[in-house]
Amino acid sequence: MKEIRLSLFGFGNVGKATAEVLLEKEAFFRERYGLKFRVVSIADTSGVVWLPEGIDLKEALMVKETFGKLSAWTNDYEVYSFTPEEAVREIDAEVVIDVTNDRNAHEWHLAALKDGKAVVTSNKPPLAFHYSELMEEAERRNLPYLFEATVMAGTPIITLLRDDLKGDTVEGIEAVLNATTTFILSQMEMGLEFEEALRKAQGLGIAERDPSGDILGIDAGYKATILHCLVFGPITFEGIEVRGIVEVTPDEIERAKGKDKTIRLVARVEDRKVTVEPREVPRNSPLAVESHENAAVIRTDLLGGLVIRGAGAGLKETASGVVSDVIKAALELRRN
């Protein structure tokens, strides 16, 4: 039995979902993979809880649910005011998990790698702006740097593109990668104005209080940038073309419906060119997704069009991608 020490950064919705999966499937991971995970630290915006012997995840979840912050947990655990970089250097863990939205997380990802720790992340900006630097450091240290949950949550498009299709040349990808915009556009097809559809999405918790990352196409742009880096080589988010859905009008929606089409925010990824913009897609297209689904059509020289479709949002779905990468990292570390 191999025990792997984990350091979890981010204890919001995705962090809690990740902890729940680690807790609920502990026996499964032990029986199937011979792995036991010990979470030695958890960080949220209020501080870092650190216990080398391992943190009681059930209690951590209860504290977060009851008080809203880990700093309220003072009975058995000391709460530290480490910066993320201080924490990755100070805390003895083999895998650092980042499920934050920290735009500057590449700095402490690099610190973790330089300190001999594997990194698993669902955080998109580090890769959208610093892919080359991060991957080169991981390769130099012979350490896993894994990011399945950055694109399409737990639907394994990253694994497919990175580990499979060994004999294929990928010629391009078209994908719908943001569920919030799909919901808003679907509501507009039902007669709502953009602002009404956005308010409904916020009321249901589908859109954030600040929805700009979704409706301006930034989130989809980050994801498309990561796909390009993976398939065609490094670029950065600044080098792509992005137009969101804020200018889509009811008239455009109706014109598309009249042609038996629908409008979706579509990312097109080709060699040295990435665009994200609203496009008309036929109703029978794989890209005509509904609800929280994402879809991608991957064109290769041998397979032609390969469709991958599945959940692109959701807490358990994102945790699936994160935990899958944690297991991959642990198995790789065990081999090394």
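Observations on the structure shown:
- Choice from Arg243, Arg279, Arg140 showing the highest fluctuation, given a GNM over the chain with Cα pairs closer than 10 Å: Arg140
- Nearest-0.05 FRET efficiency for Asp76 and Lys36, computed from C-beta distance (R0 30 Å): 0.90
- Length-normalised contact order for the chain - Cα pairs under 8 Å, 6+ apart - percent: 19 percent
- About the centre of its Cα atoms, region 1-113 shows a dipole size close to 340 debye [charges on the beta carbon of Lys, Arg (+1) and Asp, Glu (-1) only; nearest 20 debye].
- For Lys328, a cut-off of 13 angstrom between C-alpha atoms picks up these aspartates and glutamates, skipping any fewer than 8 places away in its own chain: Glu94, Glu148, Asp163.
- Length gained on full extension, Glu252 to Met190, computed as 0.36 nm times the residue gap minus the Cα-Cα distance: 21.0 nm.
- Label point distance in nm, Lys69-Leu303, each placed 7 Å from Cα along Cα→Cβ: 4.7 nm
- Partners of Lys273 within straight-line reach, counting lysines whose Cα lies under 22 Å from its Cα and excluding those fewer than 8 residues away in the same chain: Lys124, Lys223.
- Dipole magnitude of region 98-170, debye to nearest 20 (Cβ charges: Lys/Arg +1, Asp/Glu -1, about Cα centre): 60 debye
- Estimated dipole of the chain in Debye, rounded to 20 [Cβ of Lys and Arg +1, of Asp and Glu -1, Cα centre]: 700 debye
- Estimated from helical segments only, the mean residue ellipticity of the chain at 222 nm is -12500 deg cm²/dmol, where each DSSP H run of four or more residues counts as -39500 (n - 2.57).
- Note on Lys2 and Glu59: the model spin-label points, each 7 Å out from Cα along the C-beta direction, lie 2.9 nm apart.
- Of Leu70, Leu303, Leu127, the residue with the greatest mean-square motion in the GNM of the chain, using alpha carbon springs below 10 Å, is Leu303.
- Accessible surface of Asp44 - all protein chains present, 1.4 Å probe, nearest 10 Å²: 30 Å²
- Cross-link pairs Lys69/Lys117; Lys259/Lys316; Lys16/Lys114 - those with Cα-Cα distance over 30 Å: Lys259/Lys316
- Additional length obtainable on full extension of the chain from Glu90 to Asp260, 0.36 nm per residue less Cα span: 55.4 nm
- Two-site FRET efficiency, Glu208 against Glu290, from Cβ-Cβ distance with R₀ of 25 Å, rounded to 0.05: 0.75
- Here the Karplus curve 6.51 cos²θ - 1.76 cosθ + 1.60, taken at θ = phi - 60°, turns the phi angles of region 156-173 into couplings of x, 6, 5, 4, 4, 6, 7, 10, 10, 6, 4, x, 9, 9, 6, 9, x, 9 Hz, with x standing for Gly and Pro.
- With the simple spin-label model, which puts each label point 7 Å out from Cα in the Cβ direction, the Glu332 to Leu165 separation comes to 1.9 nm.
- Relative intensity, log₁₀ I(q)/I(0), of the chain from a Debye sum that treats every alpha carbon as a point, q = 0.07 Å⁻¹: -0.30
- Most fluctuating residue given options Leu198, Leu306, Leu113, as computed from a GNM of the chain linking Cα atoms under 10 Å: Leu306
The values are calculated or read from the model by the stated rules, or taken from the named source; none is laboratory data. What you are looking at is a predicted structure, and each value in this text was computed from that prediction instead of being measured. Virtual Cβ from ideal backbone geometry, glycine too; neighbours counted across all protein chains shown. Side chains included, ligands, DNA and RNA excluded: accessible areas come from the protein's heavy atoms. Shrake-Rupley method; radii C 1.70, N 1.55, O 1.52, S 1.80 Å.
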